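Report on one structure; see the data block that follows.
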Amino acid sequence: MSSEAPSPVKASQSSTPPLSPLSPVSPMSPSNLRLPDSCHRERSPSPMRSFLVPSPLPTRRNRTCSAAARAAEGPVYTGVCKGFSRSKGHGFIIPSDGTKDLFVHISDIEGEYVPVEGDEVSYKICSIPPKHEKIQAVEVTITHLAPGTKHETWSGTVVQS
């Protein structure tokens, strides 16, 4: 009988065999993680890339026919533009009867000028779904430009009034 006991495995020894020169090497940096050149392709341009999320408010494009018909049949009101942001695409109108300010969307502006603060406007009203508790101004037309202000056309031309 032999008195030799198996020796314990040293911590420095690995249980996996050493890599041969032909074995694959794991990537060391993200630069090694590239697809082959044959796999690259151009991305097709998305029509929605670089556009903002559409407004949930009913614009002329997505307003129902019945809502557009009700607005067209309604009376014409007057007011003054409180402010309008072309970059945001909306603004507010102060009604001349003293009621609460009305929201106006860029798609509901008629005419060639971007409204600015102080412009007198005429408009009709339309309810905002889903509960139809709020209203917004539609078919907004500038009746008198605010004197002494610069007005911009939708094409970008600046006009002094």
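Just a few scattered comments:
- On inspection, Phe84 passes the criterion of being open to solvent by 20 Å² or more (accessible area, probe 1.4 Å) and touching a Gly at 6+ places or on another chain (Cβ under 7 Å).
- Flag for Ile94 being touching a Lys or Arg at 6+ places or on another chain (Cβ under 7 Å), without any contact (Cβ under 8 Å) to a residue 24 or more places away in the chain and among the β-branched types (Val, Ile, Thr): yes
- Count of residues meeting criterion [within 23 Å of Ser155 (Cβ to Cβ), of a type in the set (A, V, I, L, M) and either in a strand (DSSP E or B) or open to solvent by 20 Å² or more (accessible area, probe 1.4 Å) (or both)] in region 108-136: 3
- The set of residues in region 105-135 that are more than 22 Å from the chain's Cα centre (by Cα) and under 18 Å from Arg86 (Cα atoms) comprises Glu110, Gly111, Glu112, Tyr113, Val116, Glu117, Gly118, Asp119, Glu120, Val121.
The values are calculated or read from the model by the stated rules, or taken from the named source; none is laboratory data. None of these values were measured; they are calculated from a predicted model. Reconstructed Cβ throughout: ideal geometry from the backbone, glycine too, with neighbour counts over all protein chains shown. When the accessible area is computed, the model is the full protein with side chains, heavy atoms only, and any ligands, DNA or RNA have been set aside. Shrake-Rupley method; radii C 1.70, N 1.55, O 1.52, S 1.80 Å.
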